[in-house]
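This report refers to the structure that appears directly beneath it.
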Amino acid sequence: MKLNKLTKEEERVILHKGTELPYTGEYDNFYESGTYYCKRCGAKLFKSESKFDAHCGWPAFDDQIPGAVEKGENQGLIFGTEVHCARCKAHLGHVYHNEFLTRKNTRYCINSISMRFVPDKKGKNGK
């Protein structure tokens, strides 16, 4: 599997399980239509339809692309359960359940720096 070259800050978060500061990531307040991919290996992770504003300071999704995200170590109620890319094991963020923020009752709280967004392709006449 081909892995993308990472910056020092991307390595800190993706390889060493770091976290971006809240409200600083490029996808926190971002709602375009498209797909979010793993920054390290390029695997599809989330569709924009599952993104919602959780007012937590990081991009939040209530669903993943099936099989794209795996759970890691449970870090307790405050920190949730670590999630990583199922393909390359890149650290993405954490998942929380039972917060009643969406009907799916799940919040994937993901570092923007761990993802790359690709907008949906538009057909003729911008549709």
If residue 99 passes every condition in (1) of a type outside the set (A, V, I, L, M); (2) modelled with pLDDT of 95 or more; (3) more than 15 Å from residue 20 (Cβ to Cβ); (4) surrounded by fewer than 20 Cβ atoms within 10 Å (Cβ to Cβ) but one, which one does it miss?
-> (2)
Selection within the stretch 64-114 - among the hydroxyl-bearing types (Ser, Thr, Tyr) and under 17 Å from residue 40 (Cα atoms) = 112, 114
Quickly run through the stretch 20-38 and pick out the residues that are surrounded by 17 or more Cβ atoms within 10 Å (Cβ to Cβ) and over 20 Å from residue 66 (Cβ atoms).
-> 20, 25, 27, 28
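Return yes or no: is residue 72 touching a residue at least 24 places away in the same chain (Cβ under 8 Å), outside any loop (DSSP other than H, G, I, E, B) and under 24 Å from residue 2 (Cα atoms)?
No, not satisfied.
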Residues 25, 34: which one is closer than 12 Å to residue 116 by Cβ and of a type in the set (Gly, Ala, Ser)?
-> 34
In the stretch 1-48, residue modelled with the lowest pLDDT [restricted to those that are among the hydrophobic types (A, V, I, L, M, F, W, C) and more than 14 Å from the chain's Cα centre (by Cα)] | 1
Mind checking whether some residue in the stretch 41-60 is in a strand (DSSP E or B), in contact (Cβ under 8 Å) with a residue 60 or more places away in the chain and under 20 Å from residue 3 (Cβ atoms)?
-> yes
Within the stretch 74-85, of all residues that are surrounded by fewer than 17 Cβ atoms within 10 Å (Cβ to Cβ) and either polar (S, T, N, Q) or at pLDDT 90 or above (or both), the one nearest to residue 38 (Cα to Cα) is 81
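The values are calculated or read from the model by the stated rules, or taken from the named source; none is laboratory data. Worth saying up front: this structure is predicted, and the values here are computed from it rather than measured. When we count neighbours, we look across all protein chains shown, and the Cβ atoms used for this are built from the backbone with ideal geometry, even at glycine.
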